[in-house]
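What follows is a set of notes on a single structure, which appears directly below.
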Amino acid sequence: MTRSDLVEALAERFGQLTQRDAEFAVKAILDAMNDALVRGHRIEIRGFGSFSINRRPPRIGRNPRSGERVAVPEKRVPHFKPGKALREAVDRRTAELKQQGRS
């Protein structure tokens, strides 16, 4: 699902929202999540999952072309951990689709 698919689904589900309003709502939510992660905060959405920042320590890597050693600086990367309800729903739906495919 892309961002535009999400906007479209939101506009369809809530008839009172125009496409533009749905786009604004999705943008506002994603911007707020982005800002929270940049500030180092954790985001938890019950029944869906949590977003946090993981630190990758500095290390020595290798240039694959020349083989020379390269210093790779520390990085902070976003990490998503699905919630129990989401994991179970995906597992259940995957099992259902497998059963349908075998029949």
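Accessible surface of the chain, 1.4 Å probe: 53 percent of it comes from carbon and sulfur atoms. About its Cα centre, the chain has a charge dipole of approximately 760 debye under the convention of +1 per Lys or Arg Cβ and -1 per Asp or Glu Cβ, with nothing else charged. Near Glu23, once Lys and Arg are set to +1 and Asp and Glu to -1 for all other residues with Cβ below 15 Å from its Cβ, the sum equals -1. With a cut-off of 13 Å between beta carbons, the residues surrounding Gly49 carry a summed charge of +3, where Lys and Arg count +1 and Asp and Glu -1. Electrostatic tally near Gly40: other residues with Cβ closer than 12 Å to its Cβ, Lys and Arg +1, Asp and Glu -1, net +3.
In a simple Cβ point-charge model (Lys, Arg +1; Asp, Glu -1; nothing else charged), segment 1-42 has a dipole of about 200 debye relative to its Cα centre.
Based on Cα contacts under 8 Å between residues 6+ apart, the chain shows a relative contact order of 18 percent. Taking Arg92, Arg46 and ordering them by how much accessible surface each has at a 1.4 Å probe, largest first, produces Arg46, Arg92. When shorter helices are ignored and each DSSP H run of at least 4 residues is given -39500 (n - 2.57), the per-residue value for the chain at 222 nm works out to -16000 deg cm²/dmol. Comparing Arg42, Arg93, Arg76 in a Gaussian network model of the chain, where Cα atoms under 10 Å apart are tied by springs, the biggest mean-square fluctuation is seen for Arg93.
Bridging of Lys81 to aspartates and glutamates at a Cα separation below 14 Å is possible for Glu44, once same-chain residues fewer than 8 apart are set aside. Solvent exposure of the chain amounts to 85 Å² per residue of accessible area, where only protein heavy atoms count and the probe is 1.4 Å. Kindly provide the GluC sites (Glu not before Pro) of segment 1-80 that DSSP labels as loop, not H, G, I, E or B, and whose Cβ sees at most 13 other Cβ atoms within 10 Å. Counting only loop positions with at most 13 other Cβ atoms within 10 Å, the GluC sites (Glu not before Pro) in segment 1-80 are Glu68, Glu74.
The values are calculated or read from the model by the stated rules, or taken from the named source; none is laboratory data. Given the structure is predicted, the values throughout are model-derived calculations rather than measurements. Every residue, glycine as well, gets a Cβ built from its backbone with ideal geometry; the counts of neighbours run over all protein chains shown. The area values use the complete protein model at the heavy-atom level, side chains included, leaving out ligands, DNA and RNA. Shrake-Rupley method; radii C 1.70, N 1.55, O 1.52, S 1.80 Å.
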